[in-house]
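See below for the structure under consideration.
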């Protein structure tokens, strides 16, 4: 990163995905960024779709934009397994039930946040199941969340933390966290 003159934050200890992502949002807030782009490091996200994802924020139509494999006419190059799509569908239905809004790609790590959402995420970002939980928290606060088509590739690095054996536990825990998040009293 430094060789290419990119700003980088090096963490002195493993904070987990939620803590690491929140650190990025804190950095964006501290440096007064207009938009923060969340982009997984496993090679799955297509940078070519970034300008399309930015459009709803530029036009003041959204506060959080999710790059989605499941919306629009563009078929993503990579489609996950049937069981994972089923799990995402269950999470999507639970988010719809608890917030009133449908989000199809609930686990996408390709997201863009405007200044207001950057401030929220810098203050509070879930540690264990950040993507679905943050969607619930943001929708509860009446922020505008939209999905835009984004091509996804098969991961080029790392491995998923959700193995087939862990998937049942994951689903139970993430669904519980969504329900708890939905009924939690939000503090400013």
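The values are calculated or read from the model by the stated rules, or taken from the named source; none is laboratory data. Because the structure is a prediction, the values reported are computed rather than measured. Every residue, glycine as well, gets a Cβ built from its backbone with ideal geometry; the counts of neighbours run over all protein chains shown.
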When residue 62 is evaluated against the numbered criteria (1) in contact with a helix residue (DSSP H, G or I) (Cβ under 9 Å, 6 or more places away or on another chain); (2) in a helix (DSSP H, G or I), which criterion, by number, is the only one it fails? (2)
I'd like to know if the stretch 149-163 contains one or more residues that are closer than 26 Å to residue 47 by Cα, touching a helix residue (DSSP H, G or I) at 6+ places or on another chain (Cβ under 6 Å), modelled with pLDDT under 95 and buried (at least 20 other Cβ atoms within 10 Å of the Cβ). yes
What single numbered condition from (1) in a loop (DSSP other than H, G, I, E, B); (2) touching a residue at least 40 places away in the same chain (Cβ under 8 Å) fails to hold for residue 13? (2)
Could you check how many residues of the stretch 27-49 are under 23 Å from residue 154 (Cβ atoms) and free of Cβ contacts under 8 Å to residues at least 40 places away in the same chain? 1
Exactly one of these conditions fails for residue 109: (1) surrounded by 15 or more Cβ atoms within 10 Å (Cβ to Cβ); (2) touching a helix residue (DSSP H, G or I) at 6+ places or on another chain (Cβ under 7 Å); (3) modelled with pLDDT of 95 or more. Give me its number. (3)
Do we find that residue 95 is at pLDDT 95 or above and either out of contact with any helix residue (DSSP H, G or I) (no Cβ under 7 Å at 6 or more places or on another chain) or closer than 20 Å to residue 169 by Cβ (or both) in this structure? yes
Only one of (1) surrounded by fewer than 20 Cβ atoms within 10 Å (Cβ to Cβ); (2) at pLDDT 95 or above fails for residue 114. Which number is that? (1)
Which condition number does residue 73 fail, the rest of (1) part of a loop (DSSP other than H, G, I, E, B); (2) modelled with pLDDT of 85 or more; (3) surrounded by fewer than 18 Cβ atoms within 10 Å (Cβ to Cβ) being met? (2)
Determine, yes or no, whether residue 80 is without any contact (Cβ under 8 Å) to a residue 40 or more places away in the chain, surrounded by 12 or more Cβ atoms within 10 Å (Cβ to Cβ) and under 13 Å from the mean Cα position of the chain (by Cα). no
Residue 22 versus (1) touching a helix residue (DSSP H, G or I) at 6+ places or on another chain (Cβ under 9 Å); (2) farther than 18 Å from residue 151 by Cβ; (3) in a loop (DSSP other than H, G, I, E, B): which is the lone unmet condition? (3)
Of all the residues that make up the stretch 35-49, how many are surrounded by fewer than 16 Cβ atoms within 10 Å (Cβ to Cβ), under 16 Å from the mean Cα position of the chain (by Cα) and either outside any loop (DSSP other than H, G, I, E, B) or at pLDDT 95 or above (or both)? 1
Looking only at residues in the stretch 117-135 that are in a loop (DSSP other than H, G, I, E, B) and surrounded by 18 or more Cβ atoms within 10 Å (Cβ to Cβ), which one is modelled with the lowest pLDDT? 129
With the structure loaded, tell me whether residue 138 is closer than 22 Å to residue 24 by Cα, at pLDDT 95 or above, in a helix (DSSP H, G or I) and touching a helix residue (DSSP H, G or I) at 6+ places or on another chain (Cβ under 7 Å) or whether it fails that test. yes
